[in-house]
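The values are calculated or read from the model by the stated rules, or taken from the named source; none is laboratory data. Remember, it's a predicted structure, so these values are computed and weren't measured experimentally. Note that we place each Cβ from the backbone using ideal geometry, even for glycine, and neighbour counts take in every protein chain shown.
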């Protein structure tokens, strides 16, 4: 396919201020005296980065804060020059790097639409032909003639994305465009990004911490860490799992949690132990398999019974919630908490989970007087790397893209 972006060994270096700015005339003089003796410290925000992007690609750039994602987009947008390396772009670039980028606060929404189009080299007639579509998508029709400095952050993002997505540009660079906005707007953004790549052949480079959005939108992903590329894969699920594993210290497999000194505790709910084993009660000896049947055991203390207590277990993969399990959902017996030690167990049937990294996270709260809400940062959690595929593959590597793989009943004629 046609290459529209070619990045060759690009790096960006910044200088760190070794001393704070002078606040008095005396400090300024001392700074001048020591100017030649000061050694300037430097760091690489991006180093030795190479990538070829083809027409119609939807590439997700993921990584932790400070990994170089935004620096890369600024280099591609020509906002900042690269210290080393070379970038070749084929086509006009439209970018949305942060809320309000490219908008003049004193101008109205209408004037900013025409300003952005002019920057992209479009004629006034071209912009006018797409104006109604832009405003309709943004949903700010009533406020289009108001100065954008009076817009909320959500209105800013809606109009900025509508401008970037509808104006004539071959390359679209988006940095955390879904961080602001309601669920309905985020869904429309994803649908629009899919359509402009498949129908119009435009190319998107998308930076986000929303792994669900990256999974659903992108056909390729790049993982950055400390300014360097650590993964580049057509299988987005592999990149997301690598990023999530890297963000969680202590290893990728955790099948047992025990309370410790800093664990959450409350008089009506004090978690003691959370474990995963085989359904027959034995411990897990080898790798986790898609065909395995597993048992989750949970034990907690309750000095008193709170009528508003509720807890469940959230099962997720790649930051995407899949399902939850709560003892109150049991149809056979009614569940009640009693004072003292309480134990509950639930079972994961075979042929439900797919190959991938899963998490089981305890969530708990008690509404009403004397209640609580357990912070997610201190919530007990298990990590399940399912690595053995126990079912026949219709197509190679297909299981990596699916979060679940339940065994279904079929009738074939």
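A compact table of results
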| item | result |
| --- | --- |
| Qualifying position, being in contact with a helix residue (DSSP H, G or I) (Cβ under 6 Å, 6 or more places away or on another chain), farther than 30 Å from residue 44 by Cβ and not assigned by TED's automatic domain parsing to the domain that holds residue 11, among 298, 264 | 264 |
| Failed criterion for residue 300 (all others in (1) closer than 28 Å to residue 216 by Cβ; (2) in contact with a strand residue (DSSP E or B) (Cβ under 6 Å, 6 or more places away or on another chain); (3) touching a residue at least 12 places away in the same chain (Cβ under 8 Å) hold) | (1) |
| Entirely in segment 275-336, the strands (runs of 3 or more DSSP E) that have 3 or more residues that are buried (at least 18 other Cβ atoms within 10 Å of the Cβ) | 294-302, 309-317 |
| Residue match in segment 105-112 (condition: assigned to a helix (DSSP H, G or I) and within 29 Å of the chain's Cα centre (by Cα)) | no |
| Condition met for residue 340 (exposed (fewer than 14 other Cβ atoms within 10 Å of the Cβ), at pLDDT below 90, over 29 Å from the mean Cα position of the chain (by Cα) and more than 30 Å from residue 61 (Cβ to Cβ)) | no |
| Filtered residues of segment 119-136 (kept if assigned to a helix (DSSP H, G or I) and over 30 Å from the mean Cα position of the chain (by Cα)) | 119, 124, 125, 126, 127, 128, 129, 130, 131, 132 |
| Residue under evaluation residue 203, criteria (1) closer than 24 Å to residue 224 by Cβ; (2) crowded, with 18+ Cβ neighbours inside 10 Å; (3) at pLDDT below 85, criterion not met | (3) |
| Some residue of segment 170-183 being more than 24 Å from residue 63 (Cα to Cα), in contact (Cβ under 8 Å) with a residue 24 or more places away in the chain and in the same structural domain as residue 69 (by TED's automatic domain parsing) | yes |
